[in-house]
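First the structure, in the form of structure tokens, and then the observations on it.
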Amino acid sequence: MSQLIAQSIVSGVLLGGVYGLVALGLALSFGVLRVLNVAHGELLMLGGYLAFFAFREWGLDPFVSLPLVFVVMFGFGVLLYLCLFRFVTRTETHTRIKNSLLVSFGLALVLQALAVRFFTADERTISTAYSSEAFTIWSIRVPMVRLAGLVVAIVAAFVLEWVLHRTRFGKALRATSEDWTRAALTGIDVRRIYQIAFAVSAALAAIAGSMVSLGYSVSPSIGLGWTLKALIVVVLAGLGSMRGIVVAGVALGLVESLSSVWIGGQYREVTALVLFLIVLSFRPLGFFGRAAGA
Amino acid sequence: MRERAAWMGLLLLGAMVAVGLSVGNQHFLTLTIQTMILATLATSWNILGGFAGQISLGHSAFFGLGALITRELWLGGQAFPLAVMTAVIVTALAAFVVGIPMLRFRDIYFAIGTLALGVAVYITAGNLWPGISSLPAEVLRSYDFTGPYFFALGALVAAVCVSVWLERSRLGLGMMTVREDEEAAKATGVDVFSHKLAAFVISAAVATLAGSAFAYFSVSYYPNFAFSVIWTFEAVLVVFIGGIGTLAGPLLGSIFFILGRDLMPTDVDEFQVVFFGLLFIVVVLLFPGGLSQAAGRLLGRAGERSTATDRPTAARGRS
Amino acid sequence: MTVMLELQDVRKSFGGLRALDGLSLEVREGEIVGLIGPNGSGKSTAFNIISGALKSDHGTVVFAGRDITGLPPHRISQLGVARTFQVVRPFRNLTALQNVEAGVLFGRRDGGSEDPREAAMAALERVGLAAKAERPASSFTIVERKWLEVARALASQPKLMLLDEFMAGLTPHEIPAAVELIKSIRESGVTVVVVEHVIKAITGACDRVVVLDAGRKLAEGTPDEIVEDPAVIAAYLGTRHARG
């Protein structure tokens with residue numbers, strides 16, 4: 001039994017790392033643009049397919065294609081911002097959040113349908129030569145490809161924090177997220193900040209998608225599930241720190257895998273959702289940190 | 001204006017009854033029943049989302065619960081009307097109990113919270129009722145579309161009546177003030193929380209009727225299908241395309257959606273979703289009044305000018 | 001005259017900032033009282049505590065002999081305290097008539113025994129908006145929205161009316177009409193408290209002025225006395241004169 005629990009703790013932590021990684025992008029777009037993108041999971045799905053096809057068609061290893069996935073989805077993010085979210089960000093905050101929720105909901109439906117059309121509804125996994133490799137500590141299996149997801153999440157969180165706190169661009173980004181009017185008055189090009197932040201958010205979702213298609217699997221319908229995970233993580237962790245988000249992701253992963261041991265596999269997600277609702281009901285307003293005051 | 005609308009409504013209702021009695025075309029009847037079920041569901045969502053301004057993404061839970069209870073009791077030997085009544089009462093009670101914590105969440109927290117709830121209920125329903133639910137042979141032998149047709153029509157009429165009543169009542173006005181501005185509503189003496197809760201419970205009760213109609217109409221389905229998020233999504237889609245916060249919006253949107261889906265090429269299923277998804281985005285961004293406003297403008301230009309009854313939208317929000 | 005509103009030692013902090021630091025004041029029935037003070041002196045906080053939008057940390061609010069401290073805002077409204085907002089907040093997508101009907105239907109203790117529509121029309125009449133009754137509030141100008149808010153508040157038949165920065169945003173030739181409106185509210189038996197940033201704007205309308213500074217009462221008296229008060233000049237008017 002303790003063996004089983006130890007194994008689930010490890011699997012939960014590894015999966016939770018990916019939850020954290022997905023949530024990083026969502027936190028970025030919500031924190032900076034005040035845009036709630038419920039198509040975030042669909043961007044993850046697209047990233048996953050990109051990595052999958054790069055591997056199948058061109059034999060590109062998913063770690064080699066990571067920069068490619070990042071760049072392509074960054075570009076797609078720019079496109080989405082220019083065609084859609086630019087119009088959403090023209091309204092004041094309250095309307096903006098509501099409208100972004102609705103617009104991205106429509107976008108999610110469209111992206112999912114297009115994915116079925118072009119990629120078929122089949123489940124896909126990247127199976128490399130090292131896919132089944134794992135190392136074992138005290139007879140607990142740690143699959144390499146899943147460990148990679150956690151490592152990428154941690155690296156991404158540190159890079160993001162470094163950019164946010166150590167660069168001029170990061171400073172402008174934080175100023176915009178605190179109060180865009182004041183930022184605009186100090187000469188910051190708010191629209192450019194929005195565009196880049198949204199594009200990075202999309203690219204982060206895609207990176208997470210790469211890791212998902214390597215360690216788990218992708219199909220057109222996975223978007224909503226991942227969006228929900230990312231939302232839960234962001235709501236629990238707030239927008240304060242990127243490291244905090246990865247930690248919250250890991251916590252969610254742990255809760256899920258432990259509940260599947262104790263309550264039963266088919267209720268792992270339900271347990272997490274119910275826990276989330278309980279926590280939310282204790283703090284019904286102040287989750288997105290500073291955003292609530294804006 | 002109102003009287004004319006009432007007469008038109010009655011005329012339409014008469015036509016619908018005549019159609020149900022005389023037309024034998026199965027395909028046409030199926031489409032009509034589907035439209036009425038969706039329109040009932042959309043109208044119920046509109047009570048909460050359009051009148052009271054609370055965007056719920058967990059509405060399928062009530063539709064599913066209505067379908068489940070109705071079906072289980074009915075196939076278990078209960079008289080159908082009694083099954084429906086039980087379903088409505090149980091669902092309304094469930095909404096009351098769930099609504100008290102959920103409605104403390106504001107705006108997007110409410111949307112996220114209800115989405116989480118909807119998904120949790122969906123998974124649980126799938127776990128508890130894994131088997132397919134089929135009409136037994138003796139029911140199937142006498143099955144035709146007349147019963148479901150008239151029940152769905154009755155459900156829709158009930159939904160519309162509730163909406164009309166709300167539009168004219170103190171309760172409905174209170175809901176709309178909550179939608180417009182919670183702080184100002186409180187300062188005006190409106191008990192905001194009670195109005196949200198009332199909208200939530202009424203909306204759930206009406207969604208139950210749609211679920212009952214679905215349970216009556218469907219020959220066989222997996223019980224958790226009625227809990228699927230798809231129902232929420234279609235309701236939201238249809239309400240916005242038709243015109244949120246209006247009486248006609250959910251009806252127009254449902255007709256447009258079901259008919260449009262039927263007329264579109266069937267070899268590429270995904271095309272329909274792409275089309276409605278894009279249309280939805282366009283409506284939210286550019287035409288927040290939806291089809292009903294467009295229709296109102298056309299009618300207004302053709303006939304006499306209506307006196308500012310085109311109700312604007314909740315999506316526009318405050319500024 | 002009886003006391004309509006009484007604040008006793010009301011305190012409120014936001015984080016480390018003391019917005020109200022033991023404020024006590026009294027408003028008698030039938031008065032028009034001006035509450036003035038520089039930005040951040042606690043005027044709006046005081047309003048929000050009276051109307052229930054904020055909870056005080058300490059102290060009591062007594063309205064018409066009844067302790068209303070900590071009651072929810074809709075209860076306070078139903079008891080007879082109506083308010084307008086600094087930044088106007090009409091129900092934008094409802095018609096003017098519906099806006100005011102809400103005041104009739106929800107603000108009155110008896111729930112509006114007369115026909116709500118007629119009562120609402122009467123209130124719109126009083127502010128001169130009856131002709132636009134069927135128009136949505138979103139189509140109104142800022143001034144019209146202000147008047148609409150007053151009509152909505154009046155429709156609830158309040159005993160006490162709180163007007164938040166009522167003169168702000170008005171052009172000089174609209175101010176006399178606003179002063180007349182405030183006086184006519186009092187004529188109909190309603191006690192009025194006006195928050196104002198600029199003392200000059202309300203001297204014509206007020207019987208008495210209370211000056212706040214840093215969350216406390218700095219001075220009180222007739223408008224003429226206040227303008228002469230050295231403490232007021234130093235803390236408030238002085239800086240304004242220096243700036244202007």
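The values are calculated or read from the model by the stated rules, or taken from the named source; none is laboratory data. Since the structure is predicted, the reported quantities are computational estimates derived from the model, not experimental observations. Don't worry about glycine lacking a Cβ; one is built from the backbone with ideal geometry, like all the others, and counts go over all protein chains shown. For accessibility, only protein heavy atoms count, side chains too; no ligands or nucleic acids. Shrake-Rupley method; radii C 1.70, N 1.55, O 1.52, S 1.80 Å.
Using helices alone, what [θ] at 222 nm do you get for the protein assembly as shown, with -39,500 (n - 2.57) per DSSP H run of 4 or more residues, divided over all residues and rounded to the nearest 500?
Numbers: 34 runs with 526 residues, N = 857.
Value at 222 nm, helices only, nearest 500: -20000 deg cm²/dmol.
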Determine the share of chain C's accessible area contributed by carbon and sulfur atoms, expressed in whole percent, with a 1.4 angstrom probe. 52 percent
Once you've got the GNM for chain B with C-alpha springs shorter than 10 Å, pick whichever of B:L117, B:L279, B:L166 has the biggest mean-square fluctuation. B:L279
Please list, in order along the stretch A:116-128, the HN-Hα scalar couplings obtained from phi with the Karplus expression 6.51 cos²θ - 1.76 cosθ + 1.60 (θ = phi - 60°), rounded to whole Hz, x for Gly and Pro. 4, 4, 9, 10, 6, 7, 5, 7, 10, 9, 7, 10, 8
Mind checking the full-extension length gain between C:K55 and C:R186? Use 0.36 nm per residue of separation minus the Cα-Cα distance, one decimal, nm. 44.4 nm
At 37 °C and 0.692 mPa s, what whole-number value in µm²/s does Stokes-Einstein give for the translational diffusion of the protein assembly as shown, with Rh from the Kirkwood sum over Cα pairs? 111 µm²/s
List the residues of the stretch A:108-127 that lose 10 Å² or more of accessible area once all protein chains are present, compared with their chain alone (1.4 Å probe, heavy atoms only, no ligands or nucleic acids). A:L109, A:V110, A:A113, A:L114, A:V116, A:R117
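For the stretch B:14-149, with only Lys/Arg (+1) and Asp/Glu (-1) charged at the beta-carbon, what is the dipole magnitude about the Cα centre, in debye rounded to 20? The partial results should precede the final answer.
Numbers: 4 positive and 4 negative charges, 44 e Å.
Dipole size: approximately 220 debye.
Please work out the average accessible area per residue across chain C, using the 1.4 Å probe convention, and give it in Å². Intermediate results must be reported in sequence, preceding the final value.
Details: 10010 Å² over 244 residues.
Normalised by residue count, the accessible surface of chain C is 41 Å².
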Tell me, which residues of the stretch B:164-208 get at least 40 Å² less accessible area when the other protein chains come in, versus the chain alone (1.4 Å probe)? B:R170, B:L173, B:T177, B:E180, B:D181, B:E183, B:A184, B:K186, B:A187, B:T188, B:G189
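For A:V155 and C:R216, what is the calculated FRET efficiency with R₀ set at 60 Å and r taken between the beta-carbons, to the nearest 0.05?
On the way: r = 55 Å, r/R0 = 0.91.
Computed FRET efficiency for A:V155 and C:R216: 0.65.
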Under 12 Å from the A:V274 label point (7 Å along Cα→beta-carbon), backbone N, the stretch B:110-128: B:120-121, B:124-125
Mind scanning C:K146/C:K183; A:K98/B:K196; A:K229/C:K55; B:K186/C:K12; C:K43/C:K159 and naming the pairs with a C-alpha gap bigger than 27 Å? A:K229/C:K55
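Could you tell me the total accessible area buried at the B-A interface, probe 1.4 Å, in square angstrom to the nearest hundred? Write out the running numbers ahead of the final one.
Values: alone 15910 and 13990 Å², together 26150 Å².
Between B and A, the summed buried area is about 3800 Å².
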Please state the equivalent ellipsoid semi-axes for the stretch A:2-282: what are the square roots of 5 times the Cα gyration tensor eigenvalues, largest first, in whole Å? 30, 22, 18
So the angle from the long Cα axis of helix A:242-262 to the longest Cα principal axis of chain A, reported in degrees to the nearest 10, equals 40 degrees
Looking at the stretch B:240-287, residues buried by 10 Å² or more relative to their chain on its own, accessible surface at probe 1.4 Å, turn out to be B:F240, B:V268, B:E270, B:V273, B:V274, B:G277, B:L278, B:F280, B:I281, B:V284, B:L285
Got a number for carbon plus sulfur as a percent of the stretch B:20-263's accessible area, 1.4 Å probe? 70 percent
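First check a/c for the stretch B:27-66, with a ≥ b ≥ c the square roots of the eigenvalues of its C-alpha gyration tensor; if it is under 1.5, answer rounded, and if not, answer prolate when a/b is larger than b/c or oblate otherwise.
Values: a/c = 3.80, a/b = 1.89, b/c = 2.01.
The shape class here is oblate.
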In the stretch B:42-59, whose amide N lies under 13 Å from the spot 7 Å out along Cα-to-Cβ of B:L12? List them in ranges. B:43
Residues with amide H under 5 Å from that of C:D57, placed H, sequence gap 5 or more: C:R11, C:K12, C:S13
With the full set of protein chains in place, find how many percent of the accessible area of the stretch A:2-282 is carbon and sulfur; take the probe as 1.4 Å. 66 percent
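Using DSSP to call loops (not H, G, I, E or B), can you name the chymotrypsin sites (Phe, Trp or Tyr not before Pro) in the stretch A:1-103 whose Cβ has at most 16 other Cβ atoms within 10 angstrom?
Working: sites: A:Y19, A:F30, A:Y49, A:F52, A:F53, A:F55, A:W58, A:F63, A:F70, A:F74, A:F76, A:Y81, A:F85, A:F87; in loops: A:F63.
Those that pass, being in a loop and sparsely packed, are A:F63.
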Build a GNM of chain B with springs between Cα atoms under 10 Å: which of B:H27, B:H195, B:H59 gets the top mean-square fluctuation? B:H27
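Over the stretch A:2-282, what is the relative contact order in percent, taking alpha-carbon pairs closer than 8 angstrom and at least six residues apart?
Working: 462 pairs, mean separation 118.4, N = 281.
Averaging sequence separation for qualifying contacts and normalising by length gives 42 percent for the stretch A:2-282.
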Identify which of B:L65, B:L237, B:L259 has the largest mean-square fluctuation in a Gaussian network model of chain B, with springs joining Cα atoms closer than 10 Å. B:L259
Run the dipole for the stretch A:2-282 about the Cα centre, Lys and Arg Cβ at +1, Asp and Glu Cβ at -1, nothing else charged, and hand back the magnitude in debye, nearest 20. 700 debye
In square angstrom to the nearest 100, the accessible surface buried at the B/C interface, both sides summed with a 1.4 Å probe, amounts to 2200 Å²
Chain A accessible area per residue, 1.4 Å probe, protein heavy atoms, integer Å², reads 41 Å²
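Place a +1 charge on the Cβ of each Lys and Arg in the protein assembly as shown and a -1 charge on the Cβ of each Asp and Glu, then give the dipole magnitude about the Cα centre in debye, rounded to the nearest 20. Walk me through the numbers before you get to the answer.
Working: 69 positive and 61 negative charges, 205 e Å.
About 980 debye.
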For the stretch A:1-98, which trypsin sites (Lys or Arg not before Pro) are in a loop by DSSP, counting at most 15 other Cβ atoms within 10 Å? A:R90
Can you tell which of B:F217, B:L135, B:L285 lies farthest toward the positive end of the dipole of chain B, using +1 and -1 charges on the Cβ of basic and acidic side chains (Lys, Arg; Asp, Glu)? B:L285
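With N set to the number of residues, divide the alpha-carbon radius of gyration of chain B by 2.2 N^0.38 Å and report two decimals.
Chain B yields a ratio of 0.98.
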Tell me which residues come under 5 Å, amide H to amide H, from A:L36 once H is placed; ignore anything under 5 positions away on its chain. A:S100, A:L101
HN-Hα J in Hz across the stretch B:155-160 - Karplus 6.51, -1.76, 1.60, θ = phi - 60°, x for Gly and Pro: 4, 5, 4, 4, 4, 5
Could you provide, to the nearest whole Å², the per residue accessible area of chain B with probe 1.4 Å? 41 Å²
What value in Å³ per residue do you get for the convex hull of the alpha-carbon atoms in the stretch B:1-101? 151 Å³
